[in-house]
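Novice: Quick one: the structure is below, questions incoming.
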Amino acid sequence: MSVSNKIFDTNVQLVKYKVLKEVIKHAFAGDLASSQISIAKQIAAGNKESMHCCIYKERAISEERVFMAMGGDRSNPNPIAVIDIACDECPIDGMLVTSACRGCLMHACKDVCPRDAISIVDKHAVIDKSKCIECGKCSQVCPYEAIITRHRPCIKSCKVKAISMDEDRKAMIDYGKCIACGACVYRCPFGAITDKSFVTDIIDMLKQSEEGRKYRVYAVIAPAIVSQFHFGRVSQVVTAIKKIGFHQVVEAALGADITLYHEVNEWKEKRMLTTSCCPSFVAFIEKNFPELVQYVSSSVSPMVEAARLIKHSDPTAKVVFIGPCSSKKMEFRLPKTGGAIDSVLSFEELQAFFDALDIDTTSLEDSSLDNASFYGRIFAKSGGVARGVADVAASYGVEGVEPVVMSGIDECRVNLMKLKLGKATANFFEGMACDGGCINGALCLTHSSKNVADVEGYGNEAKEKTIENSVKLYKLTLPLKSGARNQE
Amino acid sequence: MILKVCVGSSCHLKGSYDVIEAMKEVIKKCDVEDLVELRASFCLGCCAQGVTVKAEGLSNAAVEHLENGDVLLHNVNSQNVEDIFLNQIYPYIKK
């Protein structure tokens, strides 16, 4: 199938995808080790550079991309990394006086500056960078709109202020602050910050399963998938995933139903709770509001819950999560998940898998995908968890849940601050690091406002309208009682 | 012995949960709750013949055996559960 750029929002995604596709092809063929240089040459094709100083630098960057597609630096458990030679060292730093400056008599900029950083030199405002704190007040008061604020896209995208410039002006991530949300990955115009890929691990896992004879490999897919892969139906995408070599596709939303059940029960006891399904949100609390960690729900994320269900029913199973999320690439290796998930694949990487294996989704038969309830499926959008908890609590006769929906880290910060200071009126805090929820996850193919409607529609298509049957299933797959044959 | 009811998407849509409920009833009725472990399983690979139930650890069986002696029962629904259990499972439960 031909792939146009329309599958992705940006050309940066397209280049990452091209690298992944080649890495996947060669990994399946078993000659990846000897093909790395040729893949890099193929990506940075021709003899003429297109954006950097020379073709050799572009090839070197491509080699780095191949390295990232093969897992990158595995000694760092954070899945986000800077490709330093790809960083353009953007010469952008804060306030800039443009040629529109008239050097006027009023010089409101000079007067408003709280740090006395502005002087008028040769009829032109000049900012002393050593004093400027980039508060932006000069920009607001200038009657000619002559002063503009510019920040590096990576620094602007990072809501936890984990990105700074090193002495060579290269982007640098402070991993003590980074919550692996992936916002910078999507925003860097040079693709210099990227997520490490585990596609080669997954291919090894599939190969060694000997087509399910040794063990079965399951795919757990995030409900946000419904807003992606628009060229085929979700039911065809499910068939396509099986064609890659997965035994069965299970909805993460099934795990979400069980997470809801746990959260309602936990809220009943604690009367104050935050969600725990977004690993970036949980990391944000741990790193910025350690005193609030006590309120974070102890329930595991839907991804982990779904994987546990699978492994209870099939103890030798391996489980790969497929989603829009870079922080799931961090979460699955955390000790608290107990190895429930064996690896994580992004939607971008899934697309690369389809095309590397020449799987034409549109020509495939449909496979049903229906295990979860309406509520589990709408977890993917901001407000979905809160709505689920409120409704499920009501159905269990639990009263008094006052949810607040926090979409994006900025909203999370404000509301958590209220909670910390005892000023919160809400008692259930739904937090998602990405604006709008998982449907806008950093590793989505496309980020569109239409995605919300897609998820709502998908929720309505669920056979189960309540979480009741999912909870039954959960209880049914719990470890064995005595009296029966013990197979585990 | 273990009874695994398929809850893969295809079987789920055909009523896995009704089968599970009905199976619980009949197991209780026959007074073999301590001998039969009822569990769920994701996709037993017979999507066209759902709901599928896999019986593991029977002494013998009237229907086709799998390689390891387990038995697959197809097209189970809440109406025929009792019949299938009484004829194809109950007589072969090991004490």
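The values are calculated or read from the model by the stated rules, or taken from the named source; none is laboratory data. Bear in mind the structure is a predicted one, so any value in this text is a computation, not a measurement. Positions of Cβ are generated from backbone atoms using ideal geometry, with glycine treated the same way; all protein chains shown enter the neighbour counts.
Novice: Give the residues of the stretch A:16-41 that are of a type in the set (Lys, Arg) and closer than 22 Å to residue A:347 by Cα, sorted by residue number. Before the answer, list the steps.
Specialist: Taking the stretch A:16-41 and keeping what is of a type in the set (Lys, Arg), we get A:16, A:18, A:21, A:25, A:41.
Within the stretch A:16-41, A:16, A:18, A:21, A:25 qualify.
Novice: Next question, about the same structure. Among the residues of the stretch B:7-53 satisfying the criterion of being farther than 29 Å from residue A:235 by Cα and among the aliphatic types (A, V, I, L, M), which is farthest from the other protein chains (Cβ to nearest Cβ)? First the steps, then the outcome.
Specialist: In the first step, residues of the stretch B:7-53 are kept if they are farther than 29 Å from residue A:235 by Cα; the result is B:22-38.
Retained after the next criterion (residues that are among the aliphatic types (A, V, I, L, M)): B:22-23, B:26-27, B:32, B:35-36, B:38.
Details: B:22: 13, B:23: 10, B:26: 16, B:27: 11, B:32: 10, B:35: 7, B:36: 7, B:38: 7 Å.
By that ranking, first place goes to B:26.
Novice: Just checking, how many residues over the stretch A:164-185 are over 17 Å from the mean Cα position of the chain (by Cα) and not in a loop (DSSP other than H, G, I, E, B)?
Specialist: Going through the stretch A:164-185 one residue at a time, the tally reaches 4.
Novice: Scan (1) assigned to a loop (DSSP other than H, G, I, E, B); (2) farther than 27 Å from residue A:176 by Cβ; (3) not acidic (Asp, Glu) for the single condition residue A:340 breaks and write down its number.
Specialist: Of the numbered conditions (1) assigned to a loop (DSSP other than H, G, I, E, B); (2) farther than 27 Å from residue A:176 by Cβ; (3) not acidic (Asp, Glu), the odd one out for residue A:340 is (2).
Novice: Return yes when residue A:226 is of a type in the set (A, V, I, L, M), under 20 Å from the mean Cα position of the chain (by Cα), over 30 Å from residue A:155 (Cα atoms) and at pLDDT below 95 and no when it is not. Full working, then the answer.
Specialist: On the way: of a type in the set (A, V, I, L, M): yes; under 20 Å from the mean Cα position of the chain (by Cα): yes; over 30 Å from residue A:155 (Cα atoms): yes; at pLDDT below 95: yes.
Answer is yes for this residue.
Each row is one residue, and each column tells you yes or no for (1) farther than 30 Å from residue A:36 by Cβ; (2) at pLDDT below 95; (3) assigned by TED's automatic domain parsing to the domain that holds residue A:17.
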{"residue": "A:47", "(1), (2), (3)": "no, yes, yes"}
{"residue": "A:57", "(1), (2), (3)": "no, yes, yes"}
{"residue": "A:79", "(1), (2), (3)": "no, no, yes"}
{"residue": "A:99", "(1), (2), (3)": "yes, yes, no"}
{"residue": "A:122", "(1), (2), (3)": "yes, yes, no"}
{"residue": "A:141", "(1), (2), (3)": "yes, no, no"}
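Novice: Which condition number in (1) in a helix (DSSP H, G or I); (2) of a type in the set (Val, Ile, Thr); (3) touching a helix residue (DSSP H, G or I) at 6+ places or on another chain (Cβ under 7 Å) is the one that residue A:160 fails?
Specialist: Going through (1) in a helix (DSSP H, G or I); (2) of a type in the set (Val, Ile, Thr); (3) touching a helix residue (DSSP H, G or I) at 6+ places or on another chain (Cβ under 7 Å) one by one, residue A:160 breaks only (1).
Novice: Name the pairs whose Cβ atoms lie under 6 Å apart, with the first residue in the stretch A:443-460 and in contact (Cβ under 8 Å) with a residue 40 or more places away in the chain, the second of a type in the set (A, V, I, L, M) and surrounded by fewer than 21 Cβ atoms within 10 Å (Cβ to Cβ), and 6 or more positions between them or separate chains?
Specialist: These pairs meet every condition: A:445/A:7.
Novice: Is at least one residue of the stretch A:186-195 more than 14 Å from chain B (Cβ to nearest Cβ), within 22 Å of the chain's Cα centre (by Cα), assigned to a helix (DSSP H, G or I) and of a type in the set (A, V, I, L, M)?
Specialist: Going through the stretch A:186-195, the residues more than 14 Å from chain B (Cβ to nearest Cβ) turn out to be A:186-195.
Next, from what is left, pick out any that are within 22 Å of the chain's Cα centre (by Cα): A:186-195.
Still in the running and assigned to a helix (DSSP H, G or I): A:186-187.
When the remaining residues are screened for being of a type in the set (A, V, I, L, M), the result is none.
No, every residue in the stretch A:186-195 fails to be more than 14 Å from chain B (Cβ to nearest Cβ), within 22 Å of the chain's Cα centre (by Cα), assigned to a helix (DSSP H, G or I) and of a type in the set (A, V, I, L, M).
Novice: Mind checking whether some residue in the stretch A:139-152 is out of contact with any Gly (no Cβ under 9 Å at 6 or more places or on another chain) and under 28 Å from residue A:432 (Cβ atoms)?
Specialist: From the stretch A:139-152, those out of contact with any Gly (no Cβ under 9 Å at 6 or more places or on another chain) are A:139-146, A:148, A:152; that's our starting set.
Keeping just the survivors that are under 28 Å from residue A:432 (Cβ atoms) gives A:152.
Checked the stretch A:139-152: at least one residue is out of contact with any Gly (no Cβ under 9 Å at 6 or more places or on another chain) and under 28 Å from residue A:432 (Cβ atoms).
Novice: What's the number of the only condition in (1) modelled with pLDDT of 95 or more; (2) assigned to a loop (DSSP other than H, G, I, E, B) that residue A:321 fails to meet?
Specialist: Answer for residue A:321: the failing condition is (2).
Novice: Inspect the stretch A:224-235 for any residue being buried (at least 18 other Cβ atoms within 10 Å of the Cβ), within 14 Å of chain B (Cβ to nearest Cβ) and outside any helix (DSSP H, G or I) and give the result as yes or no.
Specialist: The answer is no, given that none of the residues of the stretch A:224-235 is buried (at least 18 other Cβ atoms within 10 Å of the Cβ), within 14 Å of chain B (Cβ to nearest Cβ) and outside any helix (DSSP H, G or I).
Novice: While we're here: Within the bounds of the stretch A:303-319, is there any residue that is in contact with a Ser or Thr (Cβ under 7 Å, 6 or more places away or on another chain), crowded, with 24+ Cβ neighbours inside 10 Å and within 14 Å of chain B (Cβ to nearest Cβ)?
Specialist: Yes, the stretch A:303-319 contains at least one residue that is in contact with a Ser or Thr (Cβ under 7 Å, 6 or more places away or on another chain), crowded, with 24+ Cβ neighbours inside 10 Å and within 14 Å of chain B (Cβ to nearest Cβ).
Novice: Could you please tell me which pairs satisfy a Cβ distance under 6 Å, a separation of 6+ or placement on different chains, a first residue in the stretch A:103-120 that is within 15 Å of residue A:146 (Cβ to Cβ), and a second residue that is of a type in the set (Gly, Ala, Ser) and assigned to a loop (DSSP other than H, G, I, E, B)?
Specialist: That search, which allows pairs on different chains as well, returns A:120/A:103.
Novice: Which of the residues belonging to the stretch A:268-280 are basic (Lys, Arg) and either in a helix (DSSP H, G or I) or buried (at least 24 other Cβ atoms within 10 Å of the Cβ) (or both)?
Specialist: The initial filter retains those residues of the stretch A:268-280 that are basic (Lys, Arg), namely A:268, A:270-271.
Selection gives A:268, A:270.
Novice: Just to verify a result, which residue in the stretch A:236-267, among those that are assigned to a helix (DSSP H, G or I) and among the polar types (S, T, N, Q), is farthest from residue A:384 (Cα to Cα)?
Specialist: Filtering the stretch A:236-267 down to residues assigned to a helix (DSSP H, G or I) leaves A:236-244, A:252-267.
Subset that is among the polar types (S, T, N, Q): A:236, A:239, A:259, A:265.
Numbers: A:236: 25, A:239: 27, A:259: 13, A:265: 18 Å.
It comes out as A:239.
Residue-wise test of (1) crowded, with 22+ Cβ neighbours inside 10 Å; (2) touching a His at 6+ places or on another chain (Cβ under 9 Å); (3) at pLDDT 90 or above.
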position	(1), (2), (3)
B:9	yes, no, no
B:28	no, no, yes
B:53	yes, yes, yes
B:69	no, no, no
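Novice: Given the options A:78, A:47, name the one that is among the polar types (S, T, N, Q), on the phi < 0 side of the Ramachandran plot and touching a residue at least 60 places away in the same chain (Cβ under 8 Å).
Specialist: Answer to the selection: A:78.
Novice: So which pairs qualify, if the first residue must be in the stretch A:350-376 and within 14 Å of chain B (Cβ to nearest Cβ) and crowded, with 19+ Cβ neighbours inside 10 Å, the second must be part of a loop (DSSP other than H, G, I, E, B) and hydroxyl-bearing (Ser, Thr, Tyr), the Cβ gap must be under 7 Å, and the two must be at least 6 apart or on different chains?
Specialist: Hits for this filter: A:373/A:466.
Novice: Which one is nearest to residue A:255 (Cα to Cα) among residues in the stretch B:10-46 that are in contact with a helix residue (DSSP H, G or I) (Cβ under 8 Å, 6 or more places away or on another chain) and of a type in the set (S, T, N, Q)?
Specialist: B:41
Quick grid of which residues meet (1) more than 14 Å from chain B (Cβ to nearest Cβ); (2) touching a Lys or Arg at 6+ places or on another chain (Cβ under 9 Å); (3) under 30 Å from residue B:14 (Cα atoms); (4) in a helix (DSSP H, G or I):
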position: A:400; (1), (2), (3), (4): yes, yes, no, no
position: A:406; (1), (2), (3), (4): yes, yes, no, no
position: A:417; (1), (2), (3), (4): yes, yes, no, yes
position: A:422; (1), (2), (3), (4): yes, no, no, no
position: A:429; (1), (2), (3), (4): yes, no, no, no
position: A:436; (1), (2), (3), (4): yes, yes, no, no
position: A:446; (1), (2), (3), (4): yes, yes, no, no
position: A:466; (1), (2), (3), (4): no, no, yes, no
position: A:470; (1), (2), (3), (4): no, no, yes, yes
